Amino acid sequence: MTWTFTPERVDTPDATSLRRDYYADVAGSYWKRPATEAEVDEGLTNDGVERLTPPTGQFLVARFEGKPAGCGGVLLLDGERAELTRVFLRPAFRGVGGADGLLRGLEEAARALGARRTVLNTRLDLVEARGLYARHGYAEIPAYCTGPYMQIWYGKEL
């Protein structure tokens, strides 16, 4: 089982497909119904993804045996902190070690951008994601941002 985690532009076919799947997955679980194509299109419009390129950020694509399996982004918030965002594995690739590698890759990308600390926000119902962050040393922190889908915030010193 071979995983790779590589920087990629957000507009490549694989990155675009993964970003769409990410949004459909998190929105659908929040709404408790599948997201429509129009809702995914709307959710990705003006979402700031263009900042996930150096020097302000980085986007990674996770591949399992060459197949696009997941993604994640790092966004510099200031000179010390980088936010992890859009951390996602397609359901067919969950449970085979990719999430741990993706999180390590995102932390390495944050360090390479000069960050000393990573932060992130998520929802309380995303229990598996919260467990992943806790296993990797993330601890709950005070809210550093607000939004409709943010219920809990985590941070970790790099």
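The values are calculated or read from the model by the stated rules, or taken from the named source; none is laboratory data. Since the model is a prediction, treat every value here as computed from it, not as a measurement. For neighbour counting, all protein chains shown are included, and Cβ atoms are generated from backbone atoms with ideal geometry for every residue, glycine included. To get the accessible areas, we keep the full protein, side chains included, count just its heavy atoms, and leave off ligands, DNA and RNA. Shrake-Rupley method; radii C 1.70, N 1.55, O 1.52, S 1.80 Å.
Residues that are open to solvent by 30 Å² or more (accessible area, probe 1.4 Å) and assigned to a helix (DSSP H, G or I) were ranked within the stretch 1-18; the one that is farthest from G72 (Cα to Cα) is P13.
On the basis of being open to solvent by less than 10 Å² (accessible area, probe 1.4 Å), closer than 14 Å to T16 by Cα and of a type in the set (A, V, I, L, M, F, W, C), does A69 make the cut? Yes; evaluated as a whole, the condition is true for this residue. Taking the stretch 111-129, which residues are without any contact (Cβ under 8 Å) to a residue 60 or more places away in the chain and open to solvent by less than 70 Å² (accessible area, probe 1.4 Å)? Result: L113, G114, A115, R117, T118, V119, L120, N121, T122, A129. You will find that of A139, A143, A134, A115, the residue that is touching an Asp or Glu at 6+ places or on another chain (Cβ under 8 Å) and more than 23 Å from L44 (Cα to Cα) is A115 and no other.
When the stretch 78-110 is filtered for residues that are farther than 22 Å from S17 by Cβ, in contact (Cβ under 8 Å) with a residue 24 or more places away in the chain and surrounded by 14 or more Cβ atoms within 10 Å (Cβ to Cβ), the ones remaining, listed by number, are R81, A82, E83, E107, A110. Checking each residue in the stretch 23-52 for being in contact (Cβ under 8 Å) with a residue 40 or more places away in the chain and open to solvent by less than 50 Å² (accessible area, probe 1.4 Å) picks out V26, S29, L52. Is it true that R63 is at positive phi, touching a residue at least 40 places away in the same chain (Cβ under 8 Å) and surrounded by 17 or more Cβ atoms within 10 Å (Cβ to Cβ)? No, not satisfied. Restricting to the stretch 1-22, count the residues that are closer than 19 Å to G101 by Cα and free of Cβ contacts under 8 Å to residues at least 24 places away in the same chain. Within the stretch 1-22, residues that are closer than 19 Å to G101 by Cα and free of Cβ contacts under 8 Å to residues at least 24 places away in the same chain number 0.
Within the bounds of the stretch 119-131, is there any residue that is at positive phi and in a strand (DSSP E or B)? No, the conditions are met nowhere in the stretch 119-131.
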